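**Student:** My questions will all concern the structure given below.
The values are calculated or read from the model by the stated rules, or taken from the named source; none is laboratory data. Worth saying up front: this structure is predicted, and the values here are computed from it rather than measured. We place every Cβ from the backbone using ideal geometry, glycine too, and count neighbours over all the protein chains shown.
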Amino acid sequence: MKSTSSNNGRRFLLVHPGGPRRDLFDRLGRSDSPPLGILYLASSLEAAGHEVRVVDLNFPRHVDSIKPLLQKWRPHIVGLGTLAPSFQDVMGHARSIRKQLPNDVLLIAGGPDATARTELYTQADIFDAVLFGEAEKSIVRLADSYPTIPQGEGIIPCGQSAGAIPEPLDSDSLPFPARHLLPLKRYRGGPAYKRRRYSTSIFTHRGCAYNCSFCEKSVHHGAMRFRSAASIHEEIRRIRRDHGIHDIRFVDDVLMISKRILGELIDLIRYDADPFDWMCCGRIDLMDEKMLAEMKKAGCYRIEIGIESGSARVLDLVKKGTAPGQALEAMRKARVAGIEVIANFIIGFPTETGEEMAQTVDLSLKTDPDYAVYFLFTPFSDAPISKDFNLGWDDFAPGYRAPSPDYLVPSDQAQDMVDSALRRFYFRPGYILRRLVAIRNPWIIADLAACAGLFLYRRIKNIICS
Ligand code: B12
């Protein structure tokens, strides 16, 4: 017989599926951080009196690792997160978990891919229900109603068709993510995403004011919802107090979008007795010199910006709202402020020519950020550009790109372009020297050595195998 938890709440196991496996350059820029979405759900469940365990299948990678939890702790409900690039893994995990569950245990799916491609999951005949959109409220409703599955407001029992996406939540009223449920110090992002040995992430607003057509906004749709500076500051204080982590990565789409809240936060940070380092996302047209100087004084060491393309036509096509020339100006302002920059570039948009791709690589070398990250364009199903060009998703193709006449450069050649851009950027002797001089922390040297070791190992393996 199952034991009931002490507070008569339900036992809820939340599983993050893990991301796709990564190669050398992904590792160099490895940016792993705890799954905040799942930790937000966990804190809402705990606040409602339920017992929660969280497993992130990024570590360990195998789904069998949760077997003891399923057998000994015996959850009432198991929730599996979803990400489109991990679809095959998610389905494999779901089948394996299902096999081990008694009939009265519910298996549900949720998260970005279950929100964008809901019917793939509701029709799969594996899950009992899909929770889509922001799920803090719906998951508590589900746990409270167990074993009955309620309907509507973000909950779809399997076999039924999707309803309207639930109302966005007021992000300031939610409890902080339940970070105590994961070993935070196991998340050791690569050198591009940290400055100290340990760093962790925080989310300060939901929704995005911009309309870049390659981005999927299914989960956090609707108007932007900001948290107050006081709430963000308190969460950071608890991260330092409870976890001893003094390097914070703001993972929101654009922290710099609300000058008021950023200004208030900076004022609070400035008087902190226990200082910390931080990095955030920005936009090249929001790089205000005065604000950058204030950010630097408050501990900001790096900003991540999406330059995306070196072609004005492509930037218009994807509704980025910026021009290539602004990237150089943004870099100049960041340098004057003494803040490092990670610049993101995307190669292989529909209708993009080889020449336009070359312009992107040239711009990345010309802007010369501290770190450059090149992505092969991926056609997420709910992204407006995928719909406009009728782009399909293929789990097994490079960049998950089903063939389309609008990819003027075939996907394998576009992927080669990404790989060659990485080599051209990172293997410049001047760049290597500059990075080595910029190192402030011995742990970064260990990370770089691990990257170099992995690179050499792969080269030797390739030579032996060929
Ligand atoms: C921060 C971030 C990251 C970080 C941290 C990821 C992490 N471990 O959490 C980094 C940089 C590491 C990252 C990596 C990746 N990411 Co990312 N990431 C984001 C970003 C910007 C914010 C995510 C976040 O924290 N949101 C805040 C929380 C509160 O929202 P949430 O996670 O969506 O969770 C809510 C709901 O989705 C739902 N929910 C979430 N999980 C579950 C699980 C269950 C069971 C239920 C019921 C509900 C539920 O409830 C949550 C609370 O409301 C989003 C874009 C965005 N603005 O949302 C992209 C995004 C989620 N990432 C995306 C992708 C694809 C990836 C990668 C697979 C990219 C790659 N090719 O490697 C990797 C895989 C990560 C990994 N190894 O696990 C896509 C997902 C698209 C899709 N359809 O799957 C997004 C939407 C960006 C995009 N392309 O448009 N990412």
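**Student:** For C451, all conditions in the list (1) touching a residue at least 60 places away in the same chain (Cβ under 8 Å); (2) exposed (fewer than 15 other Cβ atoms within 10 Å of the Cβ); (3) under 30 Å from R335 (Cα atoms) hold save one; what is the number of the exception?
**Tutor:** Checking C451 against (1) touching a residue at least 60 places away in the same chain (Cβ under 8 Å); (2) exposed (fewer than 15 other Cβ atoms within 10 Å of the Cβ); (3) under 30 Å from R335 (Cα atoms), the one that fails is (2).
**Student:** Given the structure, is R141 in contact with a Leu (Cβ under 7 Å, 6 or more places away or on another chain) and of a type in the set (K, R)?
**Tutor:** Judged against the criteria, R141 is not a match.
**Student:** Does A293 satisfy being under 28 Å from E235 (Cα atoms), outside any loop (DSSP other than H, G, I, E, B) and among the small types (G, A, S)?
**Tutor:** Values: under 28 Å from E235 (Cα atoms): yes; outside any loop (DSSP other than H, G, I, E, B): yes; among the small types (G, A, S): yes.
It is true that A293 is under 28 Å from E235 (Cα atoms), outside any loop (DSSP other than H, G, I, E, B) and among the small types (G, A, S).
**Student:** Now a separate question. Determine, yes or no, whether E216 is in the same structural domain as V90 (by TED's automatic domain parsing), under 26 Å from S33 (Cα atoms) and in a loop (DSSP other than H, G, I, E, B). Before you say what the answer is, go through the steps one by one.
**Tutor:** Working: in the same structural domain as V90 (by TED's automatic domain parsing): no; under 26 Å from S33 (Cα atoms): yes; in a loop (DSSP other than H, G, I, E, B): yes.
When the stated conditions are applied, E216 does not pass them.
**Student:** Okay, moving on. Inside the stretch 61-75, can you point out the residues that are part of a helix (DSSP H, G or I) and not hydroxyl-bearing (S, T, Y)? Walk me through how you get there before you give the answer.
**Tutor:** Of all residues in the stretch 61-75, those part of a helix (DSSP H, G or I) come to 63-73.
The answer is V63, D64, I66, K67, P68, L69, L70, Q71, K72, W73.
**Student:** When you go through D242, D252 one by one, which is the residue that is buried (at least 20 other Cβ atoms within 10 Å of the Cβ) and not aromatic (F, W, Y)?
**Tutor:** Of D242, D252, the one residue that is buried (at least 20 other Cβ atoms within 10 Å of the Cβ) and not aromatic (F, W, Y) is D252.
**Student:** Follow-up. Does the stretch 219-247 hold any residues that are in a loop (DSSP other than H, G, I, E, B), over 26 Å from L131 (Cβ atoms) and within 16 Å of the ligand (Cβ to nearest atom), and which are they?
**Tutor:** Within the stretch 219-247, I245 is the sole residue that qualifies.
**Student:** Taking the condition over 15 Å from R10 (Cα atoms) and either surrounded by fewer than 20 Cβ atoms within 10 Å (Cβ to Cβ) or among the charged types (D, E, K, R) (or both), does L120 pass?
**Tutor:** Details: over 15 Å from R10 (Cα atoms): yes; either surrounded by fewer than 20 Cβ atoms within 10 Å (Cβ to Cβ) or among the charged types (D, E, K, R) (or both): yes.
Spelling it out, L120 is indeed over 15 Å from R10 (Cα atoms) and either surrounded by fewer than 20 Cβ atoms within 10 Å (Cβ to Cβ) or among the charged types (D, E, K, R) (or both).
**Student:** Could you tell me which numbered condition T204 fails, if it satisfies all but one of (1) surrounded by 20 or more Cβ atoms within 10 Å (Cβ to Cβ); (2) free of Cβ contacts under 8 Å to residues at least 24 places away in the same chain?
**Tutor:** Going through (1) surrounded by 20 or more Cβ atoms within 10 Å (Cβ to Cβ); (2) free of Cβ contacts under 8 Å to residues at least 24 places away in the same chain one by one, T204 breaks only (2).
**Student:** Next question. On the basis of being of a type in the set (V, I, T), modelled with pLDDT of 95 or more and buried (at least 20 other Cβ atoms within 10 Å of the Cβ), does I284 make the cut? If you could, list the steps in order and put the result at the bottom.
**Tutor:** Numbers: of a type in the set (V, I, T): yes; modelled with pLDDT of 95 or more: no; buried (at least 20 other Cβ atoms within 10 Å of the Cβ): yes.
Criteria not met by I284.
Residues are listed down the side, and each one gets a yes or a no for (1) under 17 Å from the mean Cα position of the chain (by Cα); (2) crowded, with 19+ Cβ neighbours inside 10 Å:
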| position | (1), (2) |
| --- | --- |
| C158 | no, no |
| S161 | no, no |
| S171 | no, yes |
| P175 | no, no |
| L181 | no, yes |
| L184 | yes, yes |
| G189 | yes, yes |
| K194 | yes, yes |
| T200 | yes, yes |
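**Student:** Here is a further query. Is there a residue in the stretch 424-440 that is more than 16 Å from P191 (Cα to Cα) and either within 16 Å of the ligand (Cβ to nearest atom) or in a strand (DSSP E or B) (or both)?
**Tutor:** No, because not a single residue in the stretch 424-440 is more than 16 Å from P191 (Cα to Cα) and either within 16 Å of the ligand (Cβ to nearest atom) or in a strand (DSSP E or B) (or both).
**Student:** I would also like to ask the following. Kindly evaluate L131 against the criterion of being closer than 14 Å to G81 by Cα, near the ligand (Cβ under 7 Å from one of its atoms) and not assigned by TED's automatic domain parsing to the domain that holds S381.
**Tutor:** Yes, satisfied.
**Student:** Another question, if that's okay. Can you pull out the residues in the stretch 365-391 that are more than 14 Å from the ligand (Cβ to nearest atom) and outside any helix (DSSP H, G or I)?
**Tutor:** Selection gives D368, P369, D370, A372, F389, N390.
**Student:** Turning to a different aspect of this structure: Quick test for you: out of V78, V90, pick the one residue that is under 24 Å from the mean Cα position of the chain (by Cα), within 14 Å of the ligand (Cβ to nearest atom) and either more than 16 Å from V52 (Cβ to Cβ) or among the charged types (D, E, K, R) (or both).
**Tutor:** Just a single option satisfies the conditions, and that option is V90.
**Student:** Identify all residues within the stretch 372-407 that are small (G, A, S) and under 14 Å from R117 (Cα atoms); write none if there are none.
**Tutor:** Once the filter is applied, which keeps residues that are small (G, A, S) and under 14 Å from R117 (Cα atoms), the stretch 372-407 yields S381, A383, S386, G392.
**Student:** Looking at the stretch 152-204, which of its residues are under 23 Å from A229 (Cβ atoms), at pLDDT below 90 and of a type outside the set (K, R)?
**Tutor:** P168, L169, D170, S171, D172, S173
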